[in-house]
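This report concerns only the one structure given below.
The values are calculated or read from the model by the stated rules, or taken from the named source; none is laboratory data. In this text, all values refer to a predicted model and were calculated from it rather than measured experimentally. Positions of Cβ are backbone-derived with ideal geometry, glycine not excepted, and every protein chain shown enters the neighbour counts.
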Amino acid sequence: MEKHKKISIIIPTYNRKEKLEKCIDSILNQTYHNFEIIIVDDGSTDGTQEWLEAKYKTNSRIIYLINSQNSGAGFSRKRGYDKAQGEYIIFCDDDDYYTDNEFFSEAVRIFEKENIMLICSNSYTRYESEDKYVLHKLNFNNLISTHEYLENFQYNYQKPNSTFSTIFRKDSLEKSNFHSMHMVNDSSIYLRSLLNEGKVFVNEKAIGVYRIHDKNITFNLKADFLVENLEEKKYIYHKIIENQIFKDPDTWFEQQIRLTVEYFLRETVSSKQEKEKIFTWIKENDKQGKQLVFQLKLFFIKRNIKNILKNVVNIVK
């Protein structure tokens, strides 16, 4: 089994060598040994290269690439993907790590049984400021079609924690024209992989830990990043129409826009100009854009009022 089925684990990193060490060691602890770790360093200045060379220089399964300039995690993921030789792909962030040493072995056996495009797993979320662990358990069945998951993605069916907890069949990403992607974040990777007809397997074991801390990229988003994300969802929307994947792509597209923008408004501090850039995109690209923008602005106002009242209550206490 191991002779023919290599797994490529792609890890973008930037100035996180302490967290990266735990990530790498958790991969090296896997009982399945036919894998390669492709680390793409986005110009770290914390001594990552020297540390890696000192600790892992003799490990031939670790490939270390350095970007000529800081280009972002998406660029690094694509660069790592271009280097990957495995039949299966994992996109792992440098602050994630595995706790189940059998994860890779069990996944390869599962891939051999069915026409499975990806294996999603449960995992824990660790809130580092509180040192608290919370189980992130996926809320759909053990085996479903890719198109069913696509239709319900992040609306009725949850997304796994990031992408470290999922193994993708590489040829499914190839068929989805992965190389054309500009926005290579977790949601976009999932959506591309779900365009192809096949199965999604849910591994009910919690296989690792996704860490929440003050330097998470997802809590420091800019409008341009969001617009690129929305453009990728528009591409998926047109593919759904073109291939007649399900009946109501317009509702799906509106739901995906709403989920993306509400997250941005809820989690990111942004200027009026940043918000307007996103609202303008919605008006220009969604059939019910004006109405959706009105609803999103109302969502933002209600959220602000709720936060103000909460602060007042805390002051009174």
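Data for the structure
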| quantity | calculated |
| --- | --- |
| Residues located in segment 159-172, provided they are modelled with pLDDT of 95 or more and either touching a Lys or Arg at 6+ places or on another chain (Cβ under 7 Å) or assigned to a loop (DSSP other than H, G, I, E, B) (or both) | K159, P160, T163, F164, S165 |
| Output for segment 33-55, where each listed residue is closer than 24 Å to S165 by Cα, surrounded by 14 or more Cβ atoms within 10 Å (Cβ to Cβ) and of a type outside the set (A, V, I, L, M, F, W, C) | N34, E36, D41, D42 |
| Residue count for segment 179-212, restricted to those that are of a type in the set (F, W, Y) and closer than 19 Å to S26 by Cα | 1 |
| Of the criteria (1) under 15 Å from N203 (Cα atoms); (2) part of a helix (DSSP H, G or I); (3) of a type in the set (A, V, I, L, M), which one M117 fails | (2) |
| Complete set of residues in segment 273-300 that are loosely packed, with under 13 Cβ neighbours inside 10 Å and among the aliphatic types (A, V, I, L, M) | L298 |
| Residues within segment 1-32 that are assigned to a loop (DSSP other than H, G, I, E, B), modelled with pLDDT of 95 or more and surrounded by fewer than 16 Cβ atoms within 10 Å (Cβ to Cβ), tallied | 2 |
| Per-region count, segment 79-109, residues surrounded by 15 or more Cβ atoms within 10 Å (Cβ to Cβ) and either free of Cβ contacts under 8 Å to residues at least 24 places away in the same chain or not in a loop (DSSP other than H, G, I, E, B) (or both) | 15 |
| A84 vs. criteria of a type outside the set (V, I, T), in contact with a Pro (Cβ under 6 Å, 6 or more places away or on another chain) and within 20 Å of S188 (Cα to Cα) | no |
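Residue-by-condition table, conditions (1) modelled with pLDDT under 95; (2) surrounded by 17 or more Cβ atoms within 10 Å (Cβ to Cβ); (3) under 18 Å from the mean Cα position of the chain (by Cα); (4) of a type in the set (D, E):
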position: V200; (1), (2), (3), (4): no, yes, yes, no
position: I207; (1), (2), (3), (4): no, yes, yes, no
position: I217; (1), (2), (3), (4): yes, no, yes, no
position: L226; (1), (2), (3), (4): yes, yes, yes, no
position: Y235; (1), (2), (3), (4): no, yes, yes, no
position: K239; (1), (2), (3), (4): no, yes, no, no
position: N243; (1), (2), (3), (4): no, no, no, no
position: P249; (1), (2), (3), (4): no, yes, no, no
